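Below is one structure, written out as structure tokens, with a few remarks after it.
The values are calculated or read from the model by the stated rules, or taken from the named source; none is laboratory data. Everything numeric in this text was worked out from a predicted model, so none of it was measured. Neighbour counts are summed over all protein chains in view; Cβ atoms, including those assigned to glycine, are modelled from backbone coordinates with ideal geometry. Heads up: the accessible areas ignore ligands, DNA and RNA and are worked out on the full protein's heavy atoms, side chains in. Shrake-Rupley method; radii C 1.70, N 1.55, O 1.52, S 1.80 Å.
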Amino acid sequence: MDTHEALYQQGVTRMEQLRQLQPRHGETLQEKMLQNGISRRDFMKWTASVAAMLALPLPFSTLVAEAAELANRVPLIWLHLAECTGCSESLIRTDTPNLDALIFDHVSLEYHETLMAAAGWQAEENLEHALEAYKGNYLLAVEGAVPTANNGAYLTVGCKGHTGLHIVKEAAAGAAAIISVGTCAAFGGVQAASPNPTGAKGVYEVVDKPVINLGGCPPSEKNIVGTLMYFIMFGKLPALDMFNRPKWAYGARVHDNCERRGRFDAGEFVEEFGDQGAKDGYCLYKVGCKGPYTYNNCPTERFNHHTSWPVLAGHGCMGCSEPNFWDEMADFEKPLGRQLLHGLDATTDTIGAVILGATAVGIGAHAVASVFAKSEEEES
Amino acid sequence: MSKRVVIDPITRIEGHLRIEVEVDENNVIQKAWSSSTLWRGIEVILKGRTPMDVGLIVQRICGVCTYSHYRCGTEAVENALGVKIPLNAKYLRSLMQASLYMHDHIVHFYHLHGLDWVDVVSALSADPALAAQVALKYTDKPINAGEGDLRAVQERVKGLVETGKLGPFANAYWGNGTYKFTPEQNLIALSHYLKALEVQRVAAEMLAIFGGKSPHPQSIVVGGVTSVRDMLSPARLQEWKQKHAIVNDFIIRAYKADIVMAAEAFGSEPSVLGGVNVKNFLATDDFLLGDGQYMFNQGVIMNGDLAGVSDLNPDLIKEDVTHAWYKADGPQHPYDGTTVPDYTGFVERDTVYGKLPTVNGDGKYSWVKSPRYQGEPVEVGPLACLLVNYARGNQVVVDAVNGLLSETGLPIEALFTTLGRTAGRMLQTVIVAEESLKTFDALLTNMQSDESTYTKPEIDPNKEYVGHSMIEAPRGMLSHWIRIKGGKVENYQAVVPTTWNAGPVDVNGNMGPYEASLIGLKLEDPTKPLEVIRIIHSLDPCMACAVHVMDFKGTDLGAFKVNPNGF
């Protein structure tokens, strides 16, 4: 079966569903774009890049365009729990010129504490209103972990003093889909690192619905916006890996597409920051790079309008899109070597080391990571 | 009869902040309580880890001033270990810091604080042609304020309003009488709000050039920086400079112009002419310039006495937890502090919105501690930095401050206000943008003869180390304090700008800057407390930064019990 064809048909059906929803704007997006000095051509270029980013063939860009026009009918509620606001900071850097302003227009942002004008009682009213008025239809994005120790008392939000735990459960109940934005919401993040004094957990651990996990501290702006777009287009979750991360973004190891991969294969390593190898762009494995164990599209998409990513800046990947990386991948300037990862058998690593001799530490890491790359079947 | 007003969440800030005030029959605030409602425990988590990872972990204290904690934590370790880093690394760190400031202050003014000054709904009745003329009054070359630009912005927002759904602009305090811009001025500022969304992204890219990404850059390590290839690339250096020019252009032609416009429009609005009621200020040396000098210098001003600036003494800093949700016998220096959580919850009482849980002002009511200097509360931040440097006679600062005062016709006393605090942040941005080019030139010069970026640190597991670092974060003086034993982190403490400003009442009954700034403020409508939000935003809250905890004496944190509804 042609899966792209099936997906395309699903997208077309989804567009029909979206059209049935209450329109939010009287005018079309194209009219608005023209008023704002953005040409149809610029817009189509953007849709093509979104389709490409989602690893979809070009015909899908038409769907992206249509979805973008209908997106204003999908309400978005964004909660902040135990977090540092880094994910929101990442979101506001969405990178195609003028796109952030467009998104401002066509996603109905009902609640977002960093961006909304309302405050206090009135902000809480907005949330209560959205939960009720758009029940079953809103997208829920969560930033930050859920403190659960002591009944969640380490976080309260709003005049009524509800705990974060209470609020996320209530919001999840009526959500059409739930997206955990960033490693904190996905897996607990830094506050869940040992000894986890607040009992911080990922959202999926406290709600009984499927959750899309966007690992990353923070995830790139593309991974956030791309995931929102996928749901808007197809009305379902994208294909997910074993940690419920979208495969389109987290399907390959950082190591697989790394610009320094040739250096790794040639056995050329930075031995110490600032040495000649560092100036020549050698592989960072020996100064702690966790790229072989980490699934993300950082090397291909980079961050901040493709400006850079940690490995380009000479620092090893720290594995920030993986569960428990703060504990399992520390210390960050040393190779992970043969430690267990995600409870997988160390045998593979040992075999790799024996067979391959001198550069075996790195090669062994490949072997381990390949084992846990095995993902679950696509959600339907 | 007094009435209680609860404001939670304070939106358009980093983190979770609750403000409560009590107003009298004339709606004048008599009492105020500042309460942080999230605790994450990052310093507990640091214990026992390698000092080399400290920077990466403490950076996660905050995703807004993301680079500040990264650098401060790394430099605290360097200070403890006695590592001397190469000059190039110092310059690169300084350039990243300048990039962060240019980003952070723009986002703060336009996207967080701006809607306290700008009435979006009023902008809809503006005449775009007239507005284009008005914009020329504040700068010769306004950005995005031509008639066509302004008309497009107006049409776009009208589209939202006509559907009855304002999205992120919904249910705010539009129409409040303390909004003072004319419809035309509101439209100009609204246009800049949208333009700033674009420009802030460019500023973030500046940081990413040497930082790898933003937020949470990943290119500094104990001993130096890792982005040596970017430093050695002429194309990369030029990229930074070009982005700098774009952002600087916006700072001068929009940010500065809008503040001058605000000074004119709000110059007689009582609710923004008070608000600096703690008149003690602290700042530290920061921003390395080419000649080994700092752009900003350290100092302490007490009781608003600009003639009596003294040197900052780190030994005089202590933290008090009398009204914070921690146990302790008395104020403690950061090196010797303890933190034992002691959560007591809220008390139910009548408020202007009906019965609600409220803070217990007589007891403990916040996760933020109360740092004190010589036992006194202190304000930190851009205004504090400017006042200290003005008092010191730092010529760049003196010229910038005097220039703004003469342009707006305001007296020096106008600095000690909410308006002055917001204007001070703009002036600091202007100075950082301009002066950082000296650092850039110094880097180019030094690179001619020196390509080093890293000095390998050594840790002796048999030795014990103690160190700290003090820098100027965008929100004010930030200090990190570390003890290292057996090659591991023995204890860690961050004394953060928002902790200085947002802390609850101390053992002597003295309020910190947040609470003190609200006393005497008259509200037009206590159920829609715009005036409170505006003052609190002028202090640029960053709550995740402010809440920190350390427990190096090994207290079992799992053993205490709290009641989330502890009335």
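Pick from region A:319-352 the residues that are modelled with pLDDT of 50 or more and of a type in the set (A, V, I, L, M): which of them is farthest from the chain's Cα centre (by Cα)? Filtering region A:319-352 for residues that are modelled with pLDDT of 50 or more and of a type in the set (A, V, I, L, M), the one farthest from the chain's Cα centre (by Cα) comes out as A:Leu336. Of all residues in region A:195-206, exactly one satisfies the criterion of being at the interface with chain B (Cβ under 7 Å from one of its Cβ atoms) and surrounded by fewer than 24 Cβ atoms within 10 Å (Cβ to Cβ), namely A:Pro195.
For region B:541-561, the count of residues that are modelled with pLDDT of 95 or more, at negative phi and either hydrophobic (A, V, I, L, M, F, W, C) or more than 25 Å from the chain's Cα centre (by Cα) (or both) is zero. Working only within region B:354-398, note down all residues that are open to solvent by less than 10 Å² (accessible area, probe 1.4 Å) and more than 21 Å from the chain's Cα centre (by Cα). Of everything in region B:354-398, those that are open to solvent by less than 10 Å² (accessible area, probe 1.4 Å) and more than 21 Å from the chain's Cα centre (by Cα) turn out to be B:Leu356, B:Thr358, B:Val359, B:Tyr365.
The set of residues in region B:123-155 that are within 14 Å of chain A (Cβ to nearest Cβ) and either more than 24 Å from A:Ser108 (Cβ to Cβ) or open to solvent by 30 Å² or more (accessible area, probe 1.4 Å) (or both) comprises B:Pro128, B:Asn144, B:Gly146, B:Glu147, B:Gly148, B:Asp149, B:Leu150, B:Arg151, B:Glu155.
Evaluated against (1) at negative phi; (2) within 27 Å of the chain's Cα centre (by Cα), B:Lys463 falls short on exactly one condition, (2). Can you find a residue in region A:228-239 that is on the phi > 0 side of the Ramachandran plot and away from chain B (no Cβ under 14 Å)? Scanning region A:228-239, I find at least one residue that is on the phi > 0 side of the Ramachandran plot and away from chain B (no Cβ under 14 Å), so the answer is yes.
Among the conditions (1) in contact (Cβ under 8 Å) with a residue 40 or more places away in the chain; (2) surrounded by 22 or more Cβ atoms within 10 Å (Cβ to Cβ); (3) more than 7 Å from chain B (Cβ to nearest Cβ), A:Pro210 misses just one, which is (2). The numbered conditions (1) open to solvent by 10 Å² or more (accessible area, probe 1.4 Å); (2) farther than 22 Å from B:Phe250 by Cα; (3) assigned to a helix (DSSP H, G or I) are all true for B:Lys195 except (2). Within region B:1-48, restricting attention to residues that are acidic (Asp, Glu) and more than 8 Å from every other protein chain (Cβ to nearest Cβ), the residue that is farthest from B:Ile535 (Cα to Cα) is B:Glu43.
For region A:107-147, the tally of residues that are at the interface with another protein chain (Cβ under 8 Å from one of its Cβ atoms), part of a helix (DSSP H, G or I) and under 14 Å from A:Val168 (Cα atoms) stands at 1.
Here A:Ala6 clears all of (1) surrounded by fewer than 14 Cβ atoms within 10 Å (Cβ to Cβ); (2) closer than 30 Å to A:Glu132 by Cβ; (3) modelled with pLDDT of 75 or more; (4) not charged (D, E, K, R) except the condition numbered (2). None of B:Asp315, B:Asp320 is open to solvent by 30 Å² or more (accessible area, probe 1.4 Å) and charged (D, E, K, R) except B:Asp315.
Based on this model, can you work out whether B:Thr408 counts as among the polar types (S, T, N, Q) and at pLDDT 95 or above? Spelling it out, it is not the case that B:Thr408 is among the polar types (S, T, N, Q) and at pLDDT 95 or above. With respect to being open to solvent by 10 Å² or more (accessible area, probe 1.4 Å), in a helix (DSSP H, G or I) and either touching a residue at least 12 places away in the same chain (Cβ under 8 Å) or small (Gly, Ala, Ser) (or both), B:Leu444 fits the description. When the residues of region B:231-255 are filtered to those that are open to solvent by 60 Å² or more (accessible area, probe 1.4 Å) and touching a helix residue (DSSP H, G or I) at 6+ places or on another chain (Cβ under 8 Å), the one that is nearest to the other protein chains (Cβ to nearest Cβ) is B:Ile246. Mind checking which residues of region B:205-230 are of a type in the set (A, V, I, L, M) and out of contact with any Asp or Glu (no Cβ under 8 Å at 6 or more places or on another chain)? Matches in region B:205-230: B:Met206, B:Leu207, B:Ala208, B:Ile220, B:Val225.
Are any of the residues in region B:213-230 more than 9 Å from chain A (Cβ to nearest Cβ) and either farther than 26 Å from A:Ala123 by Cα or open to solvent by less than 10 Å² (accessible area, probe 1.4 Å) (or both)? No; the residues of region B:213-230 include none that is more than 9 Å from chain A (Cβ to nearest Cβ) and either farther than 26 Å from A:Ala123 by Cα or open to solvent by less than 10 Å² (accessible area, probe 1.4 Å) (or both). For region A:322-331, the set of residues classified as assigned to a loop (DSSP other than H, G, I, E, B) and within 9 Å of chain B (Cβ to nearest Cβ) consists of A:Ala330, A:Asp331, listed by residue number. Scanning region B:65-88 turns up no residue that is under 18 Å from the mean Cα position of the chain (by Cα), within 11 Å of chain A (Cβ to nearest Cβ) and either open to solvent by 10 Å² or more (accessible area, probe 1.4 Å) or at positive phi (or both).
Being within 20 Å of B:Gly275 (Cα to Cα) and polar (S, T, N, Q) is a description that does not apply to B:Ser449.
When you go through A:Cys159, A:Cys184 one by one, which is the residue that is within 13 Å of another protein chain (Cβ to nearest Cβ) and more than 22 Å from A:Lys209 (Cβ to Cβ)? Going through A:Cys159, A:Cys184 in turn, the sole match is A:Cys159. Consider region B:49-60 and keep the residues that are within 7 Å of chain A (Cβ to nearest Cβ) and either in contact with a Cys (Cβ under 7 Å, 6 or more places away or on another chain) or not aliphatic (A, V, I, L, M) (or both). The one that is surrounded by the fewest Cβ atoms within 10 Å (Cβ to Cβ) is B:Thr50. Annotation: B:Ala170 fulfils all but one of (1) small (Gly, Ala, Ser); (2) more than 10 Å from chain A (Cβ to nearest Cβ); (3) open to solvent by 20 Å² or more (accessible area, probe 1.4 Å); the unmet one is (2). Can you name every residue in region A:288-321 that is more than 9 Å from every other protein chain (Cβ to nearest Cβ), of a type in the set (D, E, K, R) and either more than 17 Å from B:Asp53 (Cα to Cα) or in contact with a helix residue (DSSP H, G or I) (Cβ under 6 Å, 6 or more places away or on another chain) (or both)? Hit for region A:288-321 is A:Glu301, nothing else. Count, please, the residues in region B:204-218 that happen to be of a type in the set (Gly, Ala, Ser), within 14 Å of B:Tyr101 (Cβ to Cβ) and not in a loop (DSSP other than H, G, I, E, B). Qualifying residue count, region B:204-218: 2.
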